[in-house]
1. Taking residue 70 as meeting all but one of (1) crowded, with 16+ Cβ neighbours inside 10 Å; (2) outside any helix (DSSP H, G or I), write down the number of the exception.
2. Suppose the filter is more than 28 Å from residue 127 (Cα to Cα) and open to solvent by less than 50 Å² (accessible area, probe 1.4 Å); does residue 22 pass it?
3. Within segment 81-98, restricting attention to residues that are modelled with pLDDT of 90 or more and open to solvent by 30 Å² or more (accessible area, probe 1.4 Å), which residue is farthest from the chain's Cα centre (by Cα)?
4. Yes or no: segment 15-25 includes at least one residue that is under 15 Å from the mean Cα position of the chain (by Cα) and assigned to a loop (DSSP other than H, G, I, E, B).
5. Please work out if residue 96 is in contact with a Gly (Cβ under 8 Å, 6 or more places away or on another chain) and not in a strand (DSSP E or B).
6. Return the only residue of 102, 28 being within 24 Å of residue 122 (Cβ to Cβ), acidic (Asp, Glu) and at pLDDT 90 or above.
7. Against the condition touching a Gly at 6+ places or on another chain (Cβ under 6 Å) and under 19 Å from residue 9 (Cβ atoms), how does residue 61 come out, does it pass?
8. Is there any pair linking a residue in segment 113-128 that is hydroxyl-bearing (Ser, Thr, Tyr) to one that is open to solvent by less than 100 Å² (accessible area, probe 1.4 Å), with Cβ under 7 Å and at least six apart or on different chains, and which?
Amino acid sequence: LESAYWLAARAAPDPKPSGDLGRLGQWDAYNLSAAAPPPSRLEALTTLHGLAEAAGGRLYGATSLCIAPGYRFALCDGMVTNFHAPDSTLMLLVSALLGGADNAREVYEHAVRREYRFLSYGDSSLLLRAR
């Protein structure tokens, strides 16, 4: 969803009716948010809806967005996820959502104390964005 938001933010000034939203690079969201005030959630979703209607209901694009600590979430207030290996890049996403590595570490320490299962077939959790 975050990728869709930033693809819409980039398309808003010059929408193309083809349905091709282009490619969102690893750090493009950070650059876009620094260059101009980002659109509201409603503006981004309205842009996506308008683009989809103009393209016959189909949008496509590619993304390699990296969400790391310091990222400002635009659409997502939480996520359901399993407990990842501590050195994985997915921990960057968890740390960003929870407001930093210390908060993520606290959640994981709780999981270890309670003997939650980790990795693909492990327990899942609902993590909500730090405010």
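The values are calculated or read from the model by the stated rules, or taken from the named source; none is laboratory data. Just so it is clear, the model here is predicted, and its values are computed rather than measured. Because the Cβ atoms are built from the backbone with ideal geometry, glycine has one as well, and the counts that use them run over all protein chains shown. With ligands, DNA and RNA removed, areas are computed over all heavy atoms of the protein, side chains included. Shrake-Rupley method; radii C 1.70, N 1.55, O 1.52, S 1.80 Å.
1. (1)
2. Here the answer is yes, as residue 22 does meet what is asked.
3. Of everything passing the filter in segment 81-98, 92 is farthest from the chain's Cα centre (by Cα).
4. Scanning segment 15-25 turns up at least one residue that is under 15 Å from the mean Cα position of the chain (by Cα) and assigned to a loop (DSSP other than H, G, I, E, B).
5. When the stated conditions are applied, residue 96 passes them.
6. Just a single option satisfies the conditions, and that option is 102.
7. yes
8. Matching pairs, first to second residue: 116/83; 116/122; 116/123; 120/82; 124/81; 124/82; 125/81; 125/83.
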